[in-house]
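Single-structure report; data block below.
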Amino acid sequence: MKFTNEQLWERFQKFYTEFPSIHLSIDLSRMNFTDAFLRGMEPEITRAFCAMAELEKGAIANPDEKRMVGHYWLRYPELAPTADIRREIEETLASLKNFAHEIHEGKIQGASGPFKNLLVIGIGGSALGPQFVANALSHPTTDKLSVRFLDNTDPDGMDRVLAGIGTELDNTVCIVISKSGGTKETRNGMLEAKAVFEKAGLSFAHHAVAVTGCGSDLDKVAVKEGWLRRFPMWDWVGGRTSELSAVGLLPAALQGFDVDSLLAGARACDEITRVSNFKQNPSAQLALMWFYAGNGIGAKDMVILPYKDRLELISKYLQQLIMESLGKGLDINNRIVNQGIAVYGNKGSTDQHAYIQQLREGLNNFFATFIEVIRDRSGASIPVDPNVTSGDYLSGFLLGTREALYENGRESITITIGEVSPFSVGVLIALFERAVGFYASLINVNAYHQPGVEAGKKAASTIIELQGKIVDFLTQKKGSPQTVVQIAEAVSDKSRAETVFKICEHLSGNPETGIRRHDGTSPAAVSYQKAN
Ligand code: PA5
């Protein structure tokens, strides 16, 4: 089904909605749903509105982990279900703003003067939000601190980031962010950064701040070593919805961004998206369109296309928010559902020279979400053609791509914001957080746990244990080459041979381990030896 231009204009008038208080509009006209679809979904979306209202009141909306889900309270502490929670939110906000102020004023300094750089160490929900916001709001000449991230346990990746700081380590404040305080990638990033500080004769503790759950391993390290400051993460805030807690607000405040506007944008969006009416609720509109597009089973991928460099990382941020929240094996009633929506994207018009060819002509297995920004730049633009600016081209490419996709039966949603600002970034965060919550209710999954992530963490620790046994075994057999099967049988059993092979390949490829490979004609014929 495809509508003619005349019909599209009719649909546009019906399904284009402006939300002036948050400077946002949404156009659903190029999604080919029918009125009957909307009528049919009324009971479901009403249920989703009720579930959300309960969640905001403090219901245990994350039943597996027996937790409340309170990210909406972060921007409206008055809504918190207890006076203690409200106080904690307000005190944390005041204290992180005060800390940032003291750093900017030079009252808290690095080893040799005021801080100039910020190193954020975290992963997943403890990095993607801060990265998205930093990219959206930073300016090389006005930011108070220049930010870098360690968001992986890749040694070379860390070397590159730390080399970028170079001789300015003494002017670098590090924030280590981990809700659980036990995530290995983050722990490793912290240890690697600490080693570099110590090598430079600097105290890491005097440059380090922790954002973590009270009493976590990270918290204990920060207390024991006397770090500069500790900020709390609470069990009622999930990692991927933590951008407006200290996780995101502390880095933002240190960079000099207006955190009050970020919070105000989210709060204003929450007010709109609390309305129990599809027509007046942009998050409900998104959730219903996701349901329509993918038939409620995620049958179509969501392609995020912001036409703005500053919003480039929203695609990665939403990929986590949506896929980690909705990608679930079991529903709330423990039935196997294997739900989710695949999300990917980058930015326009850059993507027009990459994968949009396939979107228009290849597999029709997606729907696009365009994010349009009206304001081109803070100053005036020069003409690049008579009466045409670069920004006109950017806008033209967005409109053109939208049309070209629709002509070929590819559907899209368009979200428009006035400009990229702390307020609008807060709006976008809140808009999608609630859309995810509504959609989770529509498909009856728990959006607030992540058993798959935990499973990956456990599997990795088993591998590291196995590696320890392999190294011990090869050390005992020092000088004597051992085949993969011999090693596997000694440390576990033959069924682990492939894993043993992969571990030994990695060990022998890194000379500091002292493990050497003796080539063979097949993996079974290869042997490894710890040098004498
Ligand atoms: O959203 C989530 O819950 C996860 O992506 C976590 O943020 C991620 O695993 C990092 O966890 P932590 O903050 O405990 O280090």
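The values are calculated or read from the model by the stated rules, or taken from the named source; none is laboratory data. Just so you know, these numbers come straight off a predicted model, no measurement behind them. Methodologically, a virtual Cβ is constructed for each residue, glycine included, from the backbone with ideal geometry; neighbour enumeration extends over all protein chains shown. Side chains are part of the model used for accessible areas, which takes the heavy atoms of the whole protein and leaves out ligands, DNA and RNA. Shrake-Rupley method; radii C 1.70, N 1.55, O 1.52, S 1.80 Å.
Within segment 336-356, residues that are in contact (Cβ under 8 Å) with a residue 12 or more places away in the chain reach partners that are among the polar types (S, T, N, Q) with beta carbons closer than 7 Å, at six or more positions or on different chains, in the pairs VAL343/GLN319; TYR344/SER315; TYR344/GLN319; GLY345/SER315; ASN346/SER315; GLY348/THR401; GLN352/THR401; ILE356/THR401.
Taken over segment 297-346, the criterion of being polar (S, T, N, Q) and either touching a Ser or Thr at 6+ places or on another chain (Cβ under 7 Å) or not in a loop (DSSP other than H, G, I, E, B) (or both) is satisfied by SER315, GLN319, GLN320, SER325, ASN346.
Checked against the criteria, ASN152 counts as of a type outside the set (Lys, Arg), assigned to a loop (DSSP other than H, G, I, E, B) and either within 16 Å of the ligand (Cβ to nearest atom) or free of Cβ contacts under 8 Å to residues at least 12 places away in the same chain (or both). Looking at this structure, is ALA111 small (Gly, Ala, Ser), out of contact with any Phe, Trp or Tyr (no Cβ under 8 Å at 6 or more places or on another chain), open to solvent by 60 Å² or more (accessible area, probe 1.4 Å) and at pLDDT 95 or above? No; evaluated as a whole, the condition is false for this residue. Answer yes or no: is there a residue in segment 63-81 that is charged (D, E, K, R), within 20 Å of ASP258 (Cα to Cα), open to solvent by less than 70 Å² (accessible area, probe 1.4 Å) and out of contact with any strand residue (DSSP E or B) (no Cβ under 8 Å at 6 or more places or on another chain). Checking segment 63-81: at least one residue is charged (D, E, K, R), within 20 Å of ASP258 (Cα to Cα), open to solvent by less than 70 Å² (accessible area, probe 1.4 Å) and out of contact with any strand residue (DSSP E or B) (no Cβ under 8 Å at 6 or more places or on another chain). When segment 155-181 is filtered for residues that are open to solvent by 10 Å² or more (accessible area, probe 1.4 Å), within 16 Å of the ligand (Cβ to nearest atom) and not small (Gly, Ala, Ser), only LYS179 remains. Within the set SER522, SER495, the sole residue that is exposed (fewer than 12 other Cβ atoms within 10 Å of the Cβ), under 20 Å from ALA460 (Cβ atoms) and of a type in the set (Gly, Ala, Ser) turns out to be SER495. The C-beta contact set for segment 447-458 (first residue at negative phi, second residue open to solvent by 70 Å² or more (accessible area, probe 1.4 Å), distance under 7 angstrom, 6+ apart or interchain) comprises HIS449/ASP64.
Checking each residue in segment 202-218 for being open to solvent by less than 20 Å² (accessible area, probe 1.4 Å) and within 12 Å of the ligand (Cβ to nearest atom) picks out ALA210, VAL211, THR212, GLY213, SER216, LEU218. Of all residue pairs spaced 6 or more apart or on separate chains, those with beta-carbon atoms under 8 Å, a first member in segment 238-251 that is more than 8 Å from the ligand (Cβ to nearest atom) and a second member that is of a type in the set (Ser, Thr, Tyr) and not in a helix (DSSP H, G or I) are GLY248/SER242.
Yes or no, residue by residue, for (1) touching a Gly at 6+ places or on another chain (Cβ under 8 Å); (2) over 21 Å from PHE438 (Cα atoms); (3) in contact (Cβ under 8 Å) with a residue 12 or more places away in the chain:
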| position | (1), (2), (3) |
| --- | --- |
| TYR16 | no, no, yes |
| PHE19 | no, no, yes |
| ILE22 | yes, no, yes |
| ALA36 | no, no, no |
| ARG39 | no, no, no |
| GLY58 | yes, no, yes |
| PRO63 | no, no, yes |
| ILE89 | no, yes, yes |
| THR92 | no, yes, yes |
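Restricting segment 270-296 to residues that are in a helix (DSSP H, G or I) and among the polar types (S, T, N, Q), the residue that is farthest from the chain's Cα centre (by Cα) is GLN280. The single condition among (1) surrounded by fewer than 23 Cβ atoms within 10 Å (Cβ to Cβ); (2) in a helix (DSSP H, G or I); (3) in contact with a helix residue (DSSP H, G or I) (Cβ under 8 Å, 6 or more places away or on another chain) that LYS144 does not meet is (2).
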